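Single-structure report; data block below.
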Amino acid sequence: MDLQSVNDQLELLRLKELFMSSIDIRSKMATLICRESPFRDFCKLTHCEPRHAEMFSRTLLFDIILTPEEISAERERLERIKKSL
């Protein structure tokens, strides 16, 4: 894994965490990601780059739904990898 891919995974994790933060946010993100637009509104809501929005849209639902513990463990794992690079 290179530094860019670790940073991408950390950004996707941030989006997953945001998705899980509330039902209102989850509904907005799901609606925006399903639109035919180039993710402009999704990026505005989540403060992410279009390429991360596209990556997020290709993530399977069961890979998005994470518990706070799973998010924390994944963030720690990615931060350890990032430090070792």
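FYI, it's all coordinate maths here, none of it is from the lab. Here the structure is a predicted model, which means the values were calculated and not measured. Cβ placement follows ideal geometry from the backbone for every residue including glycine, while neighbour counts extend to all protein chains displayed.
For segment 46-66, backbone nitrogen atoms closer than 13 Å to the point 7 Å from residue 30 Cα along Cα-to-C-beta are found at 61-62, 64-65. The calculated 222 nm mean residue ellipticity attributable to helices in the chain amounts to -24000 deg cm²/dmol, summing -39500 (n - 2.57) over DSSP H runs of n ≥ 4 and dividing by all residues. For residue 75, the shell of other residues with beta-carbons less than 12 Å away shows a net charge of -2, using +1 for Lys and Arg and -1 for Asp and Glu.
Here's the list of lysines a cross-link from residue 16 could span, going by alpha-carbon distance under 21 Å and ignoring same-chain residues fewer than 8 apart: 28, 44, 82.
A cut-off under 15 angstrom between Cβ atoms defines the neighbours of residue 59, and their net charge, with Lys, Arg +1 and Asp, Glu -1, is -2.
In order along segment 5-18, the phi-based Karplus estimate (6.51 cos²θ - 1.76 cosθ + 1.60, θ = phi - 60°) of 3J(HN,Hα) comes to 5, 5, 4, 4, 5, 5, 5, 4, 5, 4, 5, 5, 5, 4 Hz; Gly and Pro are listed as x. Reported value for segment 19-66: 70 Å³ per residue, from the convex hull of its C-alpha atoms.
Close amide H contacts of residue 59 (hydrogens built in the peptide plane, cut-off under 5 Å, sequence separation of 5 or more or a different chain): none are found.
Based on the reciprocal of the average 1/r between different C-alpha atoms, the Kirkwood radius for the chain equals 13.3 Å.
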